[in-house]
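S.K.: First, the structure itself, so that you have it in front of you.
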Amino acid sequence: EKVDGNDVYLTIDSSIQLIAENALKSLSDNYKMDWGLLSVMNAKTGAIVASATVPTFNPNDLSTITSYLNPLVSTSYEPGSTMKIFSFASAIDSGNYNGSETYKSGEIPVADVVIRDAKREGWGTISFDTGFAYSSNVAATMLALRMGSKTLSEYYDKLGFGKTTGIELSGEIVGDMEFTYQSELATASFGQGVTITPIQMMQALTTVSNDGMLLKPYIVNKVVDQNGKIVYQGGRQEIGQVYKKETTDYMKNLMYDVVYNGLTKMWQPNNVTLIAKTGTAQIAS
């Protein structure tokens, strides 16, 4: 497309974009949703290669636009259990983690509240590694309390939560990553009481695929002026080292176990090896 007379080339891959759009349409046809987003990033460069949204619009009929906000950057949500990737990684990286150590799952009192696992009765006495595979809120809470608010918030800050990523899209918001009290620290470890944007989550996940290095996401591949000169070139941009390589190697094994040894074995694809984290989120008011 042309912007101010210059040709702007995006990183979007048309074939991947079509797959994403069809997948999201299938979801929206079968489930009730206010909005939905399915985005794909090149994990080694930070390039956004596809991004589909619901509701969508017909580009040939602008009267079909119902919202001018792009959920990728302009909508915040409580990330839920996907945040355990980073609370567990932060515990590992800061020396507050022993995967074979066991604890009693189910519930744990924190200040004046009780934190419970999604399975109220828990899974008995299990290891912290197993707690990640089962997405235990109690495990995340115990690790967060060991680290303390200062340590966990410093890691979240280095991951880019609570500030814009600077991707070349308008209307980016920052979300809310403030927590002080013990109960807030606990819920922040499993992604409640804090809000993020989808692009912040994608940016933070680049640490897992790049040995702890945080990459800046981008969607503009290049800008060419009227004379054919490239005036802007997108590409891999390293922001900073957040975790040690040993930490992200460990996290990859934990995320592998989520798919192949956890509670989501039915999600195993037959053509690729997948690592993942389940995420039950809540809509923030």
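S.K.: Let me see the P(r) profile for the chain: every Cα-Cα distance counted, bins of 10 Å, each bin given as a percent of all pairs.
M.R.: Spelled out bin by bin, the chain gives 6, 26, 34, 22, 9, 3, 0 percent.
S.K.: Taking the Cα-to-Cβ direction at ASP4 and at ASP61 and moving 7 Å from each Cα, how far apart do the two end points lie in nm?
M.R.: 3.5
S.K.: Among the listed pairs LYS25/LYS119; LYS216/LYS245; LYS163/LYS222; LYS25/LYS245; LYS44/LYS84, which are separated by more than 28 Å between their Cα atoms? The partial results should precede the final answer.
M.R.: Values: LYS25/LYS119 31 Å; LYS216/LYS245 18 Å; LYS163/LYS222 25 Å; LYS25/LYS245 38 Å; LYS44/LYS84 22 Å.
Distance filter (> 28 Å) returns LYS25/LYS119; LYS25/LYS245.
S.K.: So what are the radius of gyration and Dmax for the Cα set of region 163-243, in Å?
M.R.: For region 163-243, the Cα-based Rg and Dmax read 16.5, 59 Å.
S.K.: Given 4 °C and 1.567 mPa s, how large is the Stokes-Einstein diffusion coefficient of region 20-127 in µm²/s, with Rh as the Kirkwood radius over Cα pairs? Before the final figure, lay out each step's value.
M.R.: Numbers: Rh = 18.1 Å.
Value of D from the Cα-based Kirkwood radius: 72 µm²/s.
S.K.: In addition: For region 95-153 and region 240-280, what is the separation of their C-alpha centers, rounded to whole Å?
M.R.: The distance from the Cα centre of region 95-153 to that of region 240-280 comes to 18 Å.
S.K.: Next question, about the same structure. Around ILE230, with a cut-off of 12 angstrom between Cβ atoms, what is the net charge of the other residues, counting Lys and Arg +1 and Asp and Glu -1?
M.R.: So the environment of ILE230 carries a net charge of 0.
S.K.: Now, a different point. Could you sort 194-200, 253-259, 28-34 so that the peptide with the highest average Cβ count within 10 Å comes first and the rest follow in order?
M.R.: Values: 194-200: 25.1, 253-259: 19.0, 28-34: 9.1.
My ranking of the peptides, most packed first, is 194-200, 253-259, 28-34.
S.K.: Over the Cα atoms of region 13-62, each weighted equally, I'd like the Debye log10 I(q)/I(0) at q = 0.18, 0.20, 0.25 Å⁻¹, rounded to two decimals.
M.R.: -0.61, -0.72, -0.95
S.K.: Per the Kirkwood formula on distinct C-alpha pairs, the Rh of region 106-226 is how many angstrom?
M.R.: Details: mean 1/r = 0.0617 Å⁻¹.
16.2 Å is the Kirkwood radius here.
S.K.: Right, next: Evaluated at 10 °C with a viscosity of 1.306 mPa s, what Stokes-Einstein diffusion coefficient in µm²/s does region 40-87 have when Rh comes from the Kirkwood expression over alpha-carbon pairs? Walk me through the numbers before you get to the answer.
M.R.: Working: Rh = 13.5 Å.
Answer from the Stokes-Einstein relation: 118 µm²/s.
S.K.: Per q in 0.10, 0.13, 0.20, 0.22 Å⁻¹, report the Debye log10 I(q)/I(0) for region 147-285, using one uniform scatterer on each alpha carbon and no solvent.
M.R.: Taking Cα atoms of region 147-285 as identical point scatterers yields -0.44, -0.72, -1.33, -1.42.
Laboratory data are not the source of any read-out in this text; all were calculated from the coordinates shown. In this text, all values refer to a predicted model and were calculated from it rather than measured experimentally. Glycine also receives a Cβ, built like all others from the backbone with ideal geometry; neighbour counts cover every protein chain displayed.
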